[in-house]
Amino acid sequence: MKKIFFIAAVLLLSLKGFSQGSVDYGSGMKFNLNEDGSKYMRFIAWNQIWFRSSQMNPGTMIGNEAATTGTDIGNRRLRFLAYSQLSKRYMIVTHFGINNQTFTNGGAAGTSGTGGYGAGKKPGIFFHDAWNEYALVLPEKDKKFSLSLGGGLHYYMGLSRATMASTLNFLTIDAPIFNWPLIENSDQFARQMGLFAKGKYGKLEYRLSYNKPYATNLAPTNVTTASDAVAVDNSGNTKWSKAGYFEYQFLDQEANLLPYKVGSYLGTKKVFNIGAGFYTAPDATRTSVNNTIEKHNINLFAADVFLDLPIGKKENKMAVTGYSVFYDYDFGPNYLRNVAIMNIGSVDPNFTGNRALAGPGNAQATIGSGNIWYTQAGILLPSKVDKPKVRVQPFGAFTYKSFDALDKSSTQFDLGTNFFLDGQHAKITAQYSTRPVYTTPSTISGSKGEFVVQLQIYL
């Protein structure tokens, strides 16, 4: 751990000497298609590199060797987004890229071992978003109501602000993942194919969608007692899902041209919002009791509050950011998913101790039937310089989880700091996170830690 802190410190200091970039980023890579700029195309590209030191769950090996810790560097995200306003009413959005490439995994589908197509090489590019949208009622200053309709592979998945979060401007280093409760099961990286409606009525923003979830086919384990039944994702010929999110914006109004919700405005807006949302999918999971299959609906609800305000004297340019969300998840009896970000660990077959229930590496109980409360807060420290070389934003986050499948609830935290070299366009983030380690449903044997330094660039 001392080594990783030393390397991270050297890395941070060396990057301070680089060009700070333009403070006045403007519209970025935007190209007008007519003289008045009402028709245009814009491109956004970004990359997030992670340098990590992680404590591994008991029963882990890395590269066929038993391991209690692991140090690596990986590509968390490499994305490209293009959208075009072809007229006042008609817009096209596409978004593609790669995720989670490490030295052991994340490569092209079906690859393994070493050589030109080793397990971590040549990751497959795929589309995250691809939809068309038409404004039936254009947003105008003298009118309260606006309405746009669209369809395709989209991100209007309701539930919470964090469920539709932008990955460019997180307050913390990343999302907590349980904000995307269907991730890579019945969705495609937090997206589904369907139809959506969005707009505003005064200070109320609304988002609704009607979608065809991706089919799932996990086989439920048969049990003889109903209380022991465990729901798994098995939707077969899927029924349509419904999702929605409603948000009242008390202060400054946020843009809703694109679905991506901002994590921190760095004091450039005065925002205070309260929101609530839902997601429901009939017959989306299954259990088996005495060889009798029972189907269960997925019913998810959330309520949240978001605050981003300048504070103190204007010349200090300080700001506070806070977000809190409560999730009520019902996937069926005892449903539980263990998730790990960029997991480099695998099962050690020779391990003889108490294994982590979540599995090897940095996996943890992440999504399940039950409740989750998540809160994060940060403060942008003062700077009287017109164009500071670095802005600093310490932050912290707290998570409480209570899942039906586990007898004990758990808590965990994240602590870190953002170093803004050019706002969100050039950012370094350092974060330390904890996670509980369950060895039985009623036993938490302690916690493990993970230290991450992220380098982010976007244009």
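What follows is calculated from the coordinates using simple rules that are stated; it is not laboratory data. Keep in mind the model is a prediction, meaning the values are calculated, not measured. Cβ atoms come from the backbone with ideal geometry, glycine included; neighbour counts cover every protein chain shown.
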Gain upon complete extension [I125, L33; 0.36 nm per residue less C-alpha separation]: 30.3 nm
Taking only DSSP H segments of four or more residues, each worth -39500 (n - 2.57), what value at 222 nm results for the chain once the sum is divided by all its residues, to the nearest 500 deg cm²/dmol? -1000 deg cm²/dmol
How do D187, D328 line up, fewest other C-beta atoms within 10 Å first? D328, D187
Where trypsin sites (Lys or Arg not before Pro) fall in DSSP loop in segment 300-361, at most 14 other Cβ within 10 Å: K313
Ranked highest first by average number of other Cβ atoms within 10 Å, how do 228-238, 160-170, 105-115 line up? 160-170, 228-238, 105-115
Sequence neighbours fewer than 8 away in the same chain don't count; with that in mind, list the lysines whose C-alpha is under 16 Å from K384. K313, K314, K317
Toward the positive end of the charge dipole of segment 106-251, about the Cα centre and with charges on Cβ (Lys, Arg +1; Asp, Glu -1), which of F127, N179, T225 goes farthest? F127
Which lysines have a Cα less than 22 Å from the Cα of K212, not counting those fewer than 8 places away in the same chain? K198, K239, K242, K295
Between segment 390-455 and segment 215-291, what is the C-alpha centre distance in whole Å? 22 Å
Based on the alpha-carbon gyration tensor of the chain and its eigenvalue square roots a ≥ b ≥ c, which shape applies: rounded if a/c is under 1.5, prolate if not and a/b is larger than b/c, or oblate? oblate
Links that overshoot a 28 Å alpha carbon limit, given the list K30/K261; K39/K141; K270/K401; K200/K269: K270/K401
Loop-only GluC sites (Glu not before Pro) in segment 192-261, please: DSSP not H, G, I, E or B, and at most 12 other Cβ atoms within 10 Å. none
Cα-based shape type of segment 264-412, given that a ≥ b ≥ c are square roots of the gyration tensor eigenvalues and the cut on a/c is 1.5: oblate
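Compute the length gained on full extension between A219 and I457: take 0.36 nm times their separation in residues and subtract their Cα-Cα distance, giving the result in nm to one decimal. Write out the running numbers ahead of the final one.
Values: separation 238, 0.36 × 238 = 85.68 nm, distance 4.19 nm.
Stretched out fully, the A219 to I457 stretch lengthens by 81.5 nm.
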Added length on full extension, which subtracts the Cα-Cα distance from 0.36 nm per residue, Y117 to L415: 103.6 nm
Filter the trypsin sites (Lys or Arg not before Pro) in segment 87-131 down to the DSSP loop ones having no more than 10 other Cβ atoms within 10 Å, then list what survives. K88
